[in-house]
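The values are calculated or read from the model by the stated rules, or taken from the named source; none is laboratory data. This is a predicted model, so every value here is computed, not measured. Cβ placement follows ideal geometry from the backbone for every residue including glycine, while neighbour counts extend to all protein chains displayed. In case anyone asks, the SASA skips ligands and DNA or RNA and just uses the protein heavy atoms, side chains included. Shrake-Rupley method; radii C 1.70, N 1.55, O 1.52, S 1.80 Å.
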Protein chains: 2
Amino acid sequence: MTKWALKLEYNGTAFVGWQRQDSGLSIQEVLEQAATNLNKGAPVSSIVAGRTDSGVHAEAQVAMIQLPEGYRPKQIRDALNYHMKPHLLVVREAAVAPDGWNPRFSAIHRAYRYRILNRRARPALLEGQVWHVAAPLDTVKMHAAAQLLVGTHDFTSFRAAACQAKSPIRTLERLDVAQDGALITFAVEARSFLHHQVRNFVGTLRLVGDGSWPIERVLQALAARDRAAAGPTAPAEGLSLVAVTYKDDPFKFET
Amino acid sequence: MTKWALKLEYNGTAFVGWQRQDSGLSIQEVLEQAATNLNKGAPVSSIVAGRTDSGVHAEAQVAMIQLPEGYRPKQIRDALNYHMKPHLLVVREAAVAPDGWNPRFSAIHRAYRYRILNRRARPALLEGQVWHVAAPLDTVKMHAAAQLLVGTHDFTSFRAAACQAKSPIRTLERLDVAQDGALITFAVEARSFLHHQVRNFVGTLRLVGDGSWPIERVLQALAARDRAAAGPTAPAEGLSLVAVTYKDDPFKFET
């Protein structure tokens with residue numbers, strides 16, 4: 001058997017999220033069903049770098065599956081893409097996984113992007129891929145407040161009740177807020193994240209942006225170690241997993 | 001009555017194009033129906049800067065409608081957007097049209113963007129908004145060939161048979177081809193364009209990019225003044241109207 005590392009792109013809108021659910025179609029189910037087709041009908045299971053919620057997108061999610069030997073990387077990519085039609089889920093690259101490599105535990109860095117469309121008119125071209133906020137937001141204040149969250153902290157206030165991580169302590173490496181016309185983009189990077197952490201950051205920073213909160217209240221929310229002290233969870237549709245980094249990168253030789 | 005200039009954004013995928021057709025829903029029909037709702041049910045007609053084909057998108061199309069006096073610009077924008085739900089068509093801005101202004105004949109400059117997704121995997125996040133070309137394209141050669149088309153020329157070779165323009169002569173001000181990862185973007189600017197001109201440029205330059213044509217054959221195609229001498233028409237889905245410029249810009253005071 002060969003272990004394959006897969007770099008995946010998907011539009012999360014029509015999926016119930018990464019993980020299999022009785023309530024609808026998951027990314028995991030579509031991928032594993034396609035892999036099963038390459039495995040003469042025998043079930044194939046997958047491991048993923050980060051389970052994304054319903055509606056969350058990915059430019060570069062990373063997963064691992066195991067298949068019988070004999071395929072070349074391009075065959076794996078093209079055959080899985082063929083079987084995953086017409087779902088908005090594709091394998092961008094496939095590569096043989098290094099010995100001992102695990103898409104989740106070997107990851108040393110994750111990057112997410114969150115986008116707000118900040119204008120009166122709802123989105124037409126970016127429908128389903130941005131959070132539409134009609135009230136004017138002050139991006140400069142949001143960016144300043146975001147810097148108070150960067151570093152190693154107990155992020156209990158920004159962690160979903162359902163979060164299964166053992167520790168609420170994380171090191172936030174980057175949280176930049178930038179504006180280009182009506183589009184506000186959050187670039188968020190860390191080794192790993194708590195459940196809903198990025199969406200809770202954005203929902204909180206929005207309160208700074210619309211003037212409901214002074215900048216320093218973000219520090220108080222962080223110090224409170226209480227989910228109720230921070231802002232609401234921003235909608236899933238604005239979020240995309242854009243990069244997962246490995247020390248021993250399986251994709252380094254693929255293009 | 002007040003004449004209103006409207007800046008429109010739309011995803012062309014679900015429309016038969018700008019113009020009313022018996023075959024399905026047009027952008028014109030959805031806009032005029034929404035305006036009719038603001039006009040106590042009396043029909044409203046529109047004039048547009050450039051009629052886009054089925055599947056072609058717009059970030060900033062410009063149209064004009066006439067409605068009874070008494071509305072403010074924000075009311076026009078918000079009320080039209082309310083009535084156009086849930087179609088992927090919105091008014092970004094509304095402004096009172098200057099005297100004698102016409103969205104089509106007053107335009108002094110138009111900018112289009114065409115995007116190719118150049119990789120094996122079909123698009124997931126940009127589905128419907130890019131042309132998927134799996135064969136590797138040489139963007140440097142495409143850009144070099146594109147420069148041979150810039151300037152004032154008889155563009156008969158790049159003009160649709162159905163084109164109604166009196167003259168095939170146009171001045172192409174810009175045709176830049178740039179690559180960012182798998183995404184190839186064409187930035188195309190002129191005072192005005194012939195029917196299918198941008199898509200015919202892209203379909204021809206693709207032949208240079210994949211090595212089917214040497215660069216200089218683009219010059220021969222231009223000189224032939226024969227549609228059959230140039231390449232095929234690229235698909236509509238990669239094309240978007242991104243800007244229309246006016247000397248007397250109705251939107252200059254709106255934000």
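Which FRET efficiency value, to the nearest 0.05, is calculated for B:Asn37 and B:Lys252 with the Förster distance at 25 angstrom and r the Cβ-Cβ distance? Using R0 = 25 Å, I get an efficiency of 0.30.
With the cut-off at 1.5 for a/c, could you classify the range A:55-149 from its C-alpha gyration tensor as rounded, prolate or oblate? Spell out each step's value before the answer.
Details: a/c = 5.01, a/b = 1.82, b/c = 2.75.
Since a/c reaches 1.5 but b/c is at least a/b, the shape of the range A:55-149 is classed as oblate.
Computed with a 1.4 Å probe on the full set of protein chains, the accessible area for A:Tyr82 sits at about 150 Å². Hey, for a label at A:Ala187 modelled as a point 7 Å past Cα toward Cβ, could you say which residues of the range A:132-168 have their backbone N under 19 Å away? So the set is A:139-151. Could you pull out the pairs from A:Lys7/A:Lys141; A:Lys7/B:Lys85; B:Lys166/B:Lys252; A:Lys85/A:Lys166; A:Lys3/A:Lys252 whose alpha carbons sit more than 28 Å apart here? Among A:Lys7/A:Lys141; A:Lys7/B:Lys85; B:Lys166/B:Lys252; A:Lys85/A:Lys166; A:Lys3/A:Lys252, the Cα-Cα distance tops 28 Å for A:Lys7/A:Lys141; A:Lys7/B:Lys85; B:Lys166/B:Lys252; A:Lys85/A:Lys166. From the alpha carbon centroid of the range A:160-182 to that of the range B:89-109 is 42 Å. Counts of other chain beta carbons within 10 angstrom of each beta carbon in peptide A:139-151 average 0.
The residues of the protein assembly as shown expose, per residue, 45 Å² of accessible area to a 1.4 Å probe. Helices in chain A that qualify as membrane-span-like (whole DSSP H runs, Cα extent of at least 15 Å along the helix axis, mean Kyte-Doolittle hydropathy of -1.0 or higher) are A:27-37, A:197-209.
Counting from the shortest, the label point at B:Ala160, 7 Å from Cα toward Cβ, is 4.6 nm from the same position in each remaining copy. Remark on the range A:78-98: accessible area falls by at least 30 square angstrom from chain-alone to full-complex state for A:Asp78, A:Leu88, A:Val90, probe 1.4 angstrom. Using a 1.4 angstrom probe on protein heavy atoms only, the contact between B and A buries about 2000 square angstrom of accessible area, both sides summed. If the chain linking B:Ala144 and B:Gln66 were pulled fully straight, counting 0.36 nm for each residue of separation and taking away their Cα-Cα distance, it would gain 23.6 nm.
What a 1.4 Å probe finds exposed on the range B:107-242 is 52% carbon and sulfur by accessible area, rounded to a whole percent.
Largest first, the residues B:Lys141, A:Lys166, B:Lys85 sort by 1.4 Å accessible area into A:Lys166, B:Lys85, B:Lys141. Ranked from shortest, the separations from the 7 Å Cα-to-Cβ label point of A:Gly70 to its equivalents in the other copies are 7.8 nm.
With a cut-off of 13 Å between beta carbons, the residues surrounding B:Phe186 carry a summed charge of +2, where Lys and Arg count +1 and Asp and Glu -1.
For A:His83, the point set 7 Å out from Cα toward Cβ sits 5.2 nm from its twins in the other copies, listed from shortest up. Taking amide H positions as modeled 1.01 Å from N, with prolines and chain starts lacking one, the residues under 5 Å from A:Leu183 and 5 or more places away or on another chain are A:Asn118.
Distance between the modelled labels on B:Thr13 and A:Lys85, one decimal in nanometres: 1.7 nm (7 Å Cα→Cβ projection).
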